[in-house]
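The structure appears right after this line, and notes come after that.
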Amino acid sequence: WSSANQLHREGRTATEAAGATLKVGLQLLDVRGPEDLPKAFDAITRERANGLLLLPDSVTNAHRKPIVAFAASRRLPAMYAFREAVDDGGLMCYGPNLVENFRAAAGYVDKILKGARAGDLPIAQATKFDLIINLKTARALGLAIPPSLLLQADQVIQ
């Protein structure tokens, strides 16, 4: 998570509540920039984490390749917010469909270029979320993904 990201502050609360409900201990690591990644990797290794959950952020998305490589080297199942991490070898993602978001943003740009005031346009939230699972990574980690989860996935990478 990143303390610099307002959405993460809200997401942290929800994640902590879910962890308490599931009786899963959480180790929250503040990654505000790429310079924080080595320290986070060291803490994950030292504390012997059993998995990773990355909240959606431009920093972790831009530096997803070293994060995916770290998770693979430690045999850690990891869940990402963006499909690009799964395309790069991450285990799974559940997050907003960025193509749909960009398409919607283009509609806003079109309205503004035609004279609409940006402040008058409604605020939109993502409406399409994707669950993508990388079975090759699951096999490498020695994980069996339940068939019921595979059936719910928008895409399964073989």
For this session: Considering each residue of the range 94-136, count those that are farther than 29 Å from LEU52 by Cβ, of a type outside the set (A, V, I, L, M, F, W, C) and in contact with a Lys or Arg (Cβ under 8 Å, 6 or more places away or on another chain), and give that number.
Result: 0
Problem set entry | The listed residue being over 23 Å from SER2 (Cα atoms) and in contact (Cβ under 8 Å) with a residue 12 or more places away in the chain, out of TYR108, TYR80 | TYR108
Seminar exercise, completed: Within the range 120-141, restricting to residues that are assigned to a strand (DSSP E or B) and open to solvent by less than 80 Å² (accessible area, probe 1.4 Å), the one that is modelled with the lowest pLDDT is ASP130
Exercise. Scanning the range 110-119 for residues that are in a helix (DSSP H, G or I) and open to solvent by 80 Å² or more (accessible area, probe 1.4 Å), which turns out nearest to PRO56 (Cα to Cα)?
Worked result: LYS111
For this session: Search the range 63-85 for residues being hydrophobic (A, V, I, L, M, F, W, C) and closer than 20 Å to ALA126 by Cα, and hand back the single one that is most open to solvent (accessible area, probe 1.4 Å).
Result: MET79
Exercise. Can you spot a residue in the range 49-60 that is under 22 Å from ARG139 (Cβ atoms) and exposed (fewer than 15 other Cβ atoms within 10 Å of the Cβ)?
Worked result: yes
Exercise. Is it the case that LYS23 is over 12 Å from the mean Cα position of the chain (by Cα), open to solvent by 80 Å² or more (accessible area, probe 1.4 Å) and over 24 Å from LEU149 (Cβ atoms)?
Worked result: no
Problem set entry | Positions within the range 1-20 being within 16 Å of LEU54 (Cβ to Cβ), surrounded by fewer than 12 Cβ atoms within 10 Å (Cβ to Cβ) and not hydrophobic (A, V, I, L, M, F, W, C), in sequence order | GLU10
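The values are calculated or read from the model by the stated rules, or taken from the named source; none is laboratory data. Note that this is a predicted model, so its numbers are computed, not measured. Cβ coordinates were reconstructed from backbone atoms using ideal geometry, including for glycine residues, and neighbour counts include every protein chain displayed. The accessibility values were calculated without ligands, DNA or RNA, using every heavy atom of the protein model including side chains. Shrake-Rupley method; radii C 1.70, N 1.55, O 1.52, S 1.80 Å.
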